[in-house]
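Coordinate-derived values only; no laboratory data. Computed from a predicted structure; not experimentally measured. Using ideal geometry, Cβ is built from the backbone for each residue, glycine included, and neighbour counts are taken over all protein chains shown.
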Amino acid sequence: AAPGPLAGRRVLVTSGPTHEPIDPVRYLANRSSGRQGHAIAAAAAAAGAEVTLVSGPVAIPDPAGVRVVRVETAREMLDAVRAALPADLAVFAAAVGDWRPAAEQASKIKKDGSAPPSLALVENPDILATVSAMAEGRPRLVVGFAAETDRVLDHARAKLARKGCDLLVANDVSPAGGVMGGASNTVHLLGRDGSLETWPTLGKDEVGRRLVERFGTRLGTP
Ligand code: C5P
């Protein structure tokens, strides 16, 4: 493996949205370009790690030097994450759909002039919480993301505790900031140990590099 702060480490990253099918031509999705997750995967590979990137449908290129597993739904993402373990570090940057249609219709729902159909939803598995709670084979460092539009730090603290991860990267995605799909990001890094860092607005690539530096420090030298 390449030298660097993550040399010899196995790293798993999720990125992008999930698509939850309604019928063969329609789906429910979250807004996510995959840019931040992909940047983290690229930075981890550049830091010497062996990286598996589990990605939902995105329109950006695969990062160099990374094994990419493509999925569509949250359930497929969870299966791919389980298959990619064990890992030393797992970073959950994907915008996973919280719900999916209770049933996927086998044929296209027709607009037949009657009332619009209603959509019954069921909850998707929470991949981050599932991995954080693993009794056996839990990655040593589990990192979650929180995209918030208001009271960013309050919500992030609560999410860190609820999800059971070690670190949480919180970003302000209120529409005025242009983070969604954009090239830059303003993040706070919160630790379960109570630590808090707030970084200036940086390019997503630079955020990826800085995060990987912090992950390396937390994991220590192999
Ligand atoms: O609860 P919320 O979706 O805001 O939490 C965001 C964090 O949880 C992100 O790290 C995201 O990747 C992860 N997550 C997940 N599976 C879900 C929902 C969120 O891994 N079903």
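For region 42-81, what does the equivalent ellipsoid look like in terms of its semi-axes, each the square root of 5 times an eigenvalue of the Cα gyration tensor, given largest first in whole Å?
20, 12, 6
Under a GNM of the chain (C-alpha, springs under 10 Å), which listed residue has the highest mean-square fluctuation: Val68, Val122, Val11?
Of Val68, Val122, Val11, the Gaussian network model singles out Val122 as fluctuating most.
Using only the Cα atoms, what convex hull volume per residue in Å³ does region 118-222 have?
141 Å³
Under a straight-distance cross-link criterion of Cα-Cα below 17 Å, which aspartates and glutamates are reachable from Lys111, leaving out those fewer than 8 residues away in the same chain?
Candidates past the 8-residue exclusion: Asp23.
Compute a Gaussian network model of the chain, connecting alpha carbons closer than 10 Å, and tell me which residue from Ser114, Ser32, Ser15 fluctuates the most.
Among Ser114, Ser32, Ser15, the largest GNM mean-square fluctuation belongs to Ser114.
Rounded to the nearest 5, what is the percent of antiparallel bridges among the DSSP beta bridges in region 83-222?
55 percent
For the chain, what does the helix formula give at 222 nm: sum of -39500 (n - 2.57) over DSSP H segments with n ≥ 4, over the residue count, nearest 500 deg cm²/dmol?
Here the helix-only value at 222 nm equals -8000 deg cm²/dmol.
Ratio of alpha-carbon Rg to the 2.2 N^0.38 Å globular estimate for region 1-113, to two decimals, please.
1.22
On alpha-carbon atoms, Rg over Rh for the chain using Kirkwood Rh?
For the chain, the value is 0.99.
Expected output is a single nm value to one decimal: the length gained when fully extending between Ala120 and Leu85, i.e. 0.36 nm times separation in residues minus the C-alpha distance. What is it?
Taking 0.36 nm per residue and subtracting the Cα distance, the gain is 9.3 nm.
List the trypsin sites (Lys or Arg not before Pro) in region 132-208 that DSSP assigns to loop (not H, G, I, E or B) and whose Cβ has at most 16 other Cβ atoms within 10 Å. Which are they?
Arg140, Arg151, Arg192
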